[in-house]
Structure formats: structure tokens, C-alpha cells
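Working notes for the structure below.
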Amino acid sequence: MAQSSKPLNHYQTLQISRQASPSEIKQAFRRLARQYHPDLNPKNPEAAEIFRNLRTAYDILSDPIQRRYYDEDQGFAPRTSNRASTTSAAQSVPLDSPHHFYLQGIDQEAARNYSAALEAYNQAIERQPDFTEAILHRAKVRYALAQDRAVLEDCTSLIELKAHLASAHFYQGLARDRLGYSQSAIQAFSQAIAQEPDHGRAYYQRAIAHLDIGEQEDAITDLQRAMECFQAQGDGRYYRRTADKLHDLGVRFTPAPSSSDAHSNSPQSDASSSDAPAQTVRRNRSTWLIPATLGQLPSILFNPSANLLPLYGKIGPGRAGFVGLIWLSLSYGLGILAAILRWSADRQQVVWPIAIVVTIAIASFVAGIGLFRMVKGYWDGIAKVLFVAGAALLPLGLLCLVMAPRSAILWPWQWSLMAIGLSMAILILHSGLIQICDLPEALATFAVPALLLTSGWLAYWTFQTLIPPPLELLDAAPSLINNPVAR
């Protein structure tokens with residue numbers, strides 16, 4: 001970063017325009033943090049000072065309230081009130097406004113005067129109950145003061161106001177973990193990762209929670225993912241902490257990220273050491289794909305509310321869509337196989353119409369989930385939709401296969417299994433819509449029967465259209481209904 005006798009403003013420090021979006025600010029900070037982190041530049045005496053300036057600029061510009069007042073004081077934006085520019089942002093806003101107390105809290109929190117910061121945030125929230133930034137900072141301060149149940153209250157309020165806020169789920173997980181609720185902490189950290197896939201600290205803390213309940217393999221997986229995030233972000237302190245934890249678990253790992261990977265000025269870069277963490281993580285991701293698609297199905301089928309979200313967070317949003325496609329393909333294949341077994345005598349006449357019926361049923365189911373997400377204003381890709389749809393349709397595919405054989409002996413058992421399969425599909429769909437697709441519980445409860453009935457009706461209508469009576473295929477239907485044993 002070029003040095004100048006004239007002090008740089010925060011936008012110049014981060015090398016961004018004054019119109020930069022929050023995501024551009026985060027990307028710029030992470031890029032420069034990798035380049036100037038003191039741990040990655042031990043021979044550059046200016047790195048520590050540059051990094052401190054980067055941190056200060058990011059803390060202010062990433063906070064919409066502080067950024068607005070900074071822009072006003074720098075003359076980058078018109079003033080929203082008749083106030084004088086001062087060195088303290090908190091002193092330059094109306095004294096009784098929520099923003100005044102919020103900025104006071106920021107100053108006190110930076111000075112580690114947490115009790116005074118808590119009082120300031122309380123004053124801000126009292127004046128503006130939906131002040132999400134103040135509630136988040138109050139949760140952080142309360143966590144520092146070990147007021148874990150109060151942290152949970154703040155996080156619950158935040159999630160109701162802003163469900164996609166990863167920090168709210170992260171601090172919810174921290175508080176739950178410290179209270180001893182390891183399993184629910186894992187769910188909270190998984191939700192944070194679902195909202196922010198490169199949240200290295202969420203991976204790290206979820207690994208700690210996994211260790212608390214004896215799930216060492218899952219912990220190692222999360223620690224490796226955390227190392228990849230910390231390496232990409234240039235966070236040497238957490239990188240070393242994670243490497244030490246892996247070492248304690250008997251996993252051999254390179255102790256520090258390569259300076260060449262972070263554009264360090266140090267000449268002692270070692271390409272082989274920089275490749276080691278990434279290769280370890282990549283191998284782990286590859287080996288995870290098979291158990292994620294097949295080996296984890298029993299845990300999802302029998303306890304979806306506890307296991308679906310952790311699995312989504314573990315495989316990552318980038319691969320969740322692919323996993324969902326595999327599950328949908330498996331459901332499709334089970335439906336076709338069930339039709340072949342059911343109507344083996346009319347196989348050639350039935351296969352293609354049934355293939356069309358199954359395609360329409362699956363497509364309408366996936367489209368329906370996507371439509372419900374769009375109603376809530378979520379446009380963040382189709383991976384979540386495919387993952388939830390695939391997980392929910394698998395029990396229905398298995399159900400079709402179970403119902404296919406014609407046997408008087410199996411008939412009572414088939415109906416029992418049908419009830420179990422439908423219950424599994426409903427539970428998975430309901431859990432997935434809430435935990436992964438971010439739908440409110442009331443909307444998810446309405447969406448479950450709507451999706452199942454709509455896709456089922458479309459499949460039935462298509463079936464009747466393509467294979468209408470009086471084909472021999474359907475001639476036996478009335479007698480089967482009146483006399484199941486005749487099957």
C-alpha cells in the first residue's frame with residue numbers, strides 16, 4: 001500500500017470508491033488483510049500499522065450508521081441535521097437520538113469498557129426497538145460480560161428482524177455452547193455458515209461443539225474448512241489456533257499459511273507449505289460427497305429437524321445444490337423402477353408416460369419451493385431449493401418402490417410403510433423450509449400441504465391424460481380398491 005504524507009480517508013485506505021457496496025467493502029478488506037497482515041509479514045515493520053488502519057477503516061465503513069456520519073463529516077454526503085463536525089461521531093449527533101447512544105456504545109466497546117457500552121446500547125434500543133446494529137453490538141457486549149441468556153434473547157430478536165444476519169446465529173451458537181447446549185449450538189453455527197459460507201469462526205466454533213459431544217470426525221472436517229477460510233482471509237492468529245487444535249487431534253497440518261499465498265513481502269515463502277492446507281481440505285470435500293448423498297440419509301430421515309441443517313452447513317452451499325440433484329435423480333429413478341415393477345406386463349406402454357409424470361411431479365415440487373422463497377424476497381440461487389426438495393422427495397421415492405409389488409401378504413405392511421414415508425417427507429420438508437430456505441414457521445406450515453397436494457394433483461392429472469381409461473392398465477383399479485387382497 002502506497003504511503004503518502006497526506007492522511008488517507010477510509011475509502012482510500014481500503015482502495016475502494018465512495019459508492020462501494022457492503023460486499024465490495026468486505027472483499028477489499030479481506031484482500032488487503034491477506035496482503036498486510038502482520039503475521040504474514042514478519043519482516044515488514046510497516047505491516048502492523050497498515051493493518052490497524054485497514055481494521056479501523058473496515059469497522060467504520062462496514063457499519064451503516066458510522067459510515068453515514070463519517071461521510072457527512074468528511075464532506076462526502078450532505079448533512080442530515082444541523083450539527084458541527086467533531087472528532088467524536090457520538091458528539092456530532094442529536095444528544096437524545098438512538099444513534100448518539102449507539103456511537104457512544106461503539107466507543108466504549110472499542111475501549112473494552114463493556115458495562116458502559118451495554119448501558120449506551122440499552123439507551124439506543126429503548127429509543128428505537130428495531131435498531132438491529134445496536135441489538136447486535138449489545139449481544140456481543142453481553143457475551144463478553146458472560147450474560148449468555150441475555151445474548152440468546154438479543155439473538156432471537158435479531159433473527160426475527162433480520163433472519164439472514166449470520167452474526168446473530170453465530171453469537172446465538174456461542175451462547176448456547178457456553179450454556180452447555182452443544183447440539184443446538186451446532187444448529188446455530190450451521191445457520192451462520194448457511195448465510196455466510198466463508199465464516200471461518202463459525203466453522204471453528206462448530207468444531208468445538210462437535211468435540212464436546214464426541215463427534216471427532218465432524219470436528220476435524222470443520223477445522224479443515226475453518227483453516228481454508230482463515231488462510232484465504234489472511235487471519236494468521238486463528239489459522240495457528242486451528243492448526244494447534246488439529247495437531248491436538250492427531251491431524252498433521254502445516255503450522256502456518258504460506259506468505260506467498262497472501263502476497264507477503266517475506267522471501268521465505270514455500271509453495272509446498274501453502275498447498276498443503278488446501279489439498280487436505282479438497283481431499284476431505286471429495287470424500288465427503290458420497291456420505292453426504294447416501295450415508296447421511298438415515299439420520300435425515302429419522303431426525304430431520306436436528307440433522308438436516310448441520311449436513312447442509314457441513315457440505316457447504318456450493319455443493320448443496322449438486323447433492324440435491326443427486327437425491328432428486330435417485331427419487332426419479334425409484335419412481336420409474338416402481339412403475340416397471342407395478343405394471344411389468346405393460347412395461348413398454350407405461351415407462352415413458354410414467355417418466356413424464358414423475359418429471360412433472362418433481363419439477364412442480366421444486367418450482368413450488370422456489371416460488372415460496374421468492375414470495376419472501378429470497379433470490380439467492382437455487383442450491384437451497386434443490387437440497388430441500390431432494391431430501392423431502394427421497395422418502396416418497398422409496399414409498400413408491402415399497403408400494404409397487406402386488407402381494408396380499410405385503411398389503412397391510414405397505415400401508416403402514418406408506419404412512420411412515422409420508423410422515424418423513426412432511427417432517428423433512430417442514431424442517432428444510434424453516435431452517436434452510438428461511439421461511440417463517442407459519443408460511444412453512446402452509447407450504448408443506450400446498451406443495452404436496454399441488455405436485456400430487458399435477459402428477460395425477462398428467463397420468464390420467466397420458467394413460468386414460470379404458471386401457472387394461474387401469475381396468476383393475478375398482479376391484480383393487482374394493483378388494484385389496486386381489487392384488
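Observations on the structure shown:
- Test result for residue 203, in the same structural domain as residue 249 (by TED's automatic domain parsing), over 30 Å from residue 373 (Cα atoms) and of a type in the set (Phe, Trp, Tyr): no
- Residue 159 meets each of the listed conditions (1) within 17 Å of the chain's Cα centre (by Cα); (2) crowded, with 19+ Cβ neighbours inside 10 Å apart from (2).
- Checked against (1) over 30 Å from residue 99 (Cα atoms); (2) at pLDDT 90 or above, residue 158 passes all but a single condition, namely (1).
- The residue of segment 210-247 that is surrounded by the fewest Cβ atoms within 10 Å (Cβ to Cβ), among those that are at negative phi and in a loop (DSSP other than H, G, I, E, B), is 213.
- Positions within segment 206-222 being under 18 Å from residue 178 (Cα atoms) and aliphatic (A, V, I, L, M), in sequence order: 207, 208, 209, 211, 213, 219
- The requirement of being assigned to a helix (DSSP H, G or I) and either at pLDDT 85 or above or assigned by TED's automatic domain parsing to the domain that holds residue 59 (or both) is not satisfied by residue 16.
The values are calculated or read from the model by the stated rules, or taken from the named source; none is laboratory data. Just so you know, these numbers come straight off a predicted model, no measurement behind them. Please note: Cβ atoms are built from the backbone with ideal geometry, for glycine as well, and neighbour counts cover all protein chains shown.
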